Amino acid sequence: MSLPAQHYQVMFSAGEASGDQHAANMFLELQKLCPGICGIGMGAHKMRQAGIDIRFDSSGIGVIGLIEVLKHYRQIRSALQLMKQVIVQEKPDLLVCVDYKEFNLKLAQFAKRQGIKVLFYVSPQVWAWRPGRVLTYGKAIDMMAVIFPFETAYYQAKNVPVRYVGHPSVDKVQPLHSKADDMRDFGLNPAQPVVGILPGSRSNEIKRLLPVMIQAAETLKQRHPDLQFVLPQADSVTDGELLSHIQNSTVPIRIVKQQVYDVIQCCDAIMTTSGTATLEIALLGIPMVIAYRLAALSYVLGRQLVKIPFIGLPNIIAGQLIVKELIQHDLSADSLAAEMENLLFDQAYRMRSQTNLQQVKIKLGVGGGSKNMANLAWEMLTAAT
């Protein structure tokens, strides 16, 4: 049963494709609780489709790495200034910061000074680097919503309000059709192995990872002519960004739009960038190899800060290396192709990978993340009324 409509206004701030999706899903659930609620903020087309009034389109600022951020600094600074102006002029009842840590920390600090309640969704990975920042975030927010159960302890230890809401991917990773229907619709032969290529949702990821993935695909095709290749195109990636790399490839790569989970379920093995995609692949039980490359200086600086041995979320959750990580200098067409061959053709290796991924799925729990976030936001909105 929905509650009576109220004139609440919630401001969202999402700077990346995954955050755009999380915010959209949360707002749709929030509308069920309060049909008259108003959403404004920074995001992209998923949030716009959900009915949020987008004041700054974040499609062009979802970058990672120090060098990459510096290149986009002027645009990111403009976005921050605009969002601060919106806070001052419209005084939303609640600010929901979705991931995009450094930007959203600054925005949260500003909002807090303006007397705005702040809910931070998707905790900064304080367990991976800079654990001392727990208190910094604690001073800027009213509530931290974490998506991994082990994260709550870091905030509880510093008396920072925290709520485990579940990982949003558990709910949303659902193919729309059966595998058999997808294979037919995508023009894939069910009798031949399918290799997935997931180079990421950011422009700089495409530039750094897609060329080496295509080279690996060409190597694999030469050794195994019956292999098929498919690439689910992220919503934030333009046709031109992909075609500039794919058009000269000797391997036919089928590009599919807006059906990422249907594509993933058709794959026998996948080469993917690091990030949320690795969890989505794990939830669907598909063996994978993680490829990751940054600008040289960004990588060197990052290695000084990271306190854990893995970058892949399935490995972090498992507490051990269950998915091969090919990072920076270890990443090459040959190393990618070799690991893909293991995943495709070494049956014992493949089965072990699938078993380990099943354990990751179990640890992620039953889901309900978007609904739990909406309930938490509603609690914060109505707490003083």
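The values are calculated or read from the model by the stated rules, or taken from the named source; none is laboratory data. In this text the structure is predicted, and so the values were computed from the model without any measurement. Glycine gets a Cβ as well: all are built from the backbone with ideal geometry, and neighbour counts include every protein chain shown. Only protein heavy atoms, including side chains, enter the accessible area calculation; ligands, DNA and RNA are left aside. Shrake-Rupley method; radii C 1.70, N 1.55, O 1.52, S 1.80 Å.
Just to verify a result, which residue in segment 246-259, among those that are under 23 Å from the mean Cα position of the chain (by Cα) and without any contact (Cβ under 8 Å) to a residue 60 or more places away in the chain, is most open to solvent (accessible area, probe 1.4 Å)?
Gln258
Quick one: what pairs do we get from segment 156-179, first residue within 19 Å of Val366 (Cα to Cα), second assigned to a loop (DSSP other than H, G, I, E, B) and among the β-branched types (Val, Ile, Thr), C-beta under 6 Å, 6+ apart or different chains?
Final answer for the pair search is His167/Ile147.
If I ask for residues that are basic (Lys, Arg) and modelled with pLDDT under 95, which ones from segment 343-384 would you list? Give the steps one after another, and end with the answer.
If we filter segment 343-384 for residues that are basic (Lys, Arg), which is where we start, we get 350, 352, 361, 363, 371.
Within segment 343-384, Lys361, Lys363, Lys371 meet the criteria.
I want to confirm something. Restricting to segment 44-67 and keeping residues that are at pLDDT 90 or above and open to solvent by 40 Å² or more (accessible area, probe 1.4 Å), which single residue is nearest to Ser370 (Cα to Cα)?
Lys46
Within segment 201-234, work out how many residues are of a type in the set (Asp, Glu) and open to solvent by 60 Å² or more (accessible area, probe 1.4 Å).
The qualifying residues number 1.
Out of segment 311-334, which residues are among the small types (Gly, Ala, Ser), open to solvent by 30 Å² or more (accessible area, probe 1.4 Å) and closer than 21 Å to Ala216 by Cα?
Selection gives Ser332 alone.
For residues that are more than 15 Å from Tyr121 (Cα to Cα) and modelled with pLDDT of 90 or more, scanning just segment 1-28, find the one that is most open to solvent (accessible area, probe 1.4 Å).
Leu28
Give, as residue ranges, the strands (runs of 3 or more DSSP E) completely inside segment 235-297 that count at least 2 residues that are of a type outside the set (Lys, Arg) and closer than 24 Å to His329 by Cβ.
Of the strands (runs of 3 or more DSSP E) lying wholly inside segment 235-297, those with at least 2 residues that are of a type outside the set (Lys, Arg) and closer than 24 Å to His329 by Cβ span 269-273, 288-292.
Mind counting the residues in segment 272-297 that are among the hydrophobic types (A, V, I, L, M, F, W, C) and within 16 Å of the chain's Cα centre (by Cα)?
8
Show the residue pairs meeting these rules: Cβ distance below 6 Å; 6+ apart or different chains; first residue within segment 350-372 and among the basic types (Lys, Arg) and surrounded by 14 or more Cβ atoms within 10 Å (Cβ to Cβ); second residue outside any helix (DSSP H, G or I) and modelled with pLDDT of 90 or more.
Pairs that qualify, where the first residue is among the basic types (Lys, Arg) and surrounded by 14 or more Cβ atoms within 10 Å (Cβ to Cβ) and the partner is outside any helix (DSSP H, G or I) and modelled with pLDDT of 90 or more, are Arg350/Pro287.
Across segment 88-115, what is the total count of residues that are of a type in the set (Val, Ile, Thr) and either modelled with pLDDT under 95 or buried (at least 20 other Cβ atoms within 10 Å of the Cβ) (or both)?
2
In segment 150-170, which residues are in a loop (DSSP other than H, G, I, E, B) and touching a strand residue (DSSP E or B) at 6+ places or on another chain (Cβ under 9 Å)?
Within segment 150-170, Val160, Pro161, Val165 qualify.
In segment 156-200, which residues are modelled with pLDDT of 95 or more, open to solvent by 10 Å² or more (accessible area, probe 1.4 Å) and either basic (Lys, Arg) or within 18 Å of Thr276 (Cα to Cα) (or both)?
Within segment 156-200, Arg163, Pro175, Lys179, Arg184, Leu198 qualify.
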